[in-house]
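As structure tokens, the structure follows; a few thoughts come after it.
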Amino acid sequence: MAAWDHRAIHRGDVVALPGYFAPETWYTARLCMLPEEKQAGPVASVGLKNGASVKLHTGTAEVLARVYSLDGGPLAAGSEGFVQFRLERAVVAGPGDFFIVRSLSPVRTIGGGRILEASPRRWKRHRPELEPMLSQLAAAVHSDQRRLEYYLRHAAGLAATDAQLA
């Protein structure tokens, strides 16, 4: 690594084969909020509002993000739910990567979880098929085989039709 300029390397940067990972700004995740008594700091959180600004930590990356609940309203202390993060700058994170979320002021850890996948855009949370799809993905994220089966099952809409191939 002697040829690398240390000024070009930043916290959270990832070394990988070309094309293997791509930095993304949207991530879908399962977030588990800490109960009020476990949250550090003098004032316990009463919840996390939709669109709230947080600091997301995954791997060695630390980035400002907005969090959007996919289950509906705000996430209360001690609750769990599917969320999407919109990061201020793109980072590399893969399915199953752990993360923690900290509030901005006062700075305290308020929750954590696992990344489910990078998302091309913000999901519309009122789609009826979204919750079952995310539940299946969350169950598959712990196993490479189950994750591959999940993606193959959901890839049919991306496959070329007979007419397109002809």
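Name the residue from Ala139, Ala3, Val83 whose Cα lies farthest towards the positive end of the charge dipole of the stretch 1-142, charges +1 on Cβ of Lys and Arg and -1 on Cβ of Asp and Glu.
Val83
Just the number please: accessible area per residue for the chain, 1.4 Å probe, all protein chains included, in Å². It would help to have the intermediate numbers written out before the result.
Numbers: 10360 Å² over 166 residues.
Computed with neighbouring chains in place, this is 62 Å² per residue.
Kindly sort Arg146, Arg30, Arg7 by accessible area of their heavy atoms, largest first, with the probe set to 1.4 Å.
These residues rank, largest area first, as Arg7, Arg146, Arg30.
With +1 on each Lys and Arg Cβ and -1 on each Asp and Glu Cβ, and nothing else charged, work out how big the dipole of the stretch 67-166 is about its Cα centre, in Debye to the nearest 20. Don't skip to the end; give the middle numbers.
Values: 13 positive and 10 negative charges, 79 e Å.
For the stretch 67-166, the charge dipole is close to 380 debye.
Could you work out what % of the accessible surface of the chain is carbon and sulfur, using a 1.4 angstrom probe and leaving DNA, RNA and ligands out of the count?
Details: 5810 of 10360 Å².
The computed percentage sits at 56.
Would you mind classifying the chain by shape? Square roots of the alpha carbon gyration tensor eigenvalues, ordered a ≥ b ≥ c; an a/c under 1.5 is rounded, otherwise it is prolate if a/b is larger than b/c and oblate if not. Please list the in-between numbers first.
Working: a/c = 2.20, a/b = 1.21, b/c = 1.82.
Since a/c reaches 1.5 but b/c is at least a/b, the shape of the chain is classed as oblate.
Please check: in the Gaussian network model of the chain (C-alpha springs, under 10 Å), which one of Ala140, Ala65, Ala155 has the largest mean-square fluctuation.
Highest fluctuation among the options: Ala155.
The values are calculated or read from the model by the stated rules, or taken from the named source; none is laboratory data. Because the structure is a prediction, the values reported are computed rather than measured. Virtual Cβ from ideal backbone geometry, glycine too; neighbours counted across all protein chains shown. Only protein heavy atoms, including side chains, enter the accessible area calculation; ligands, DNA and RNA are left aside. Shrake-Rupley method; radii C 1.70, N 1.55, O 1.52, S 1.80 Å.
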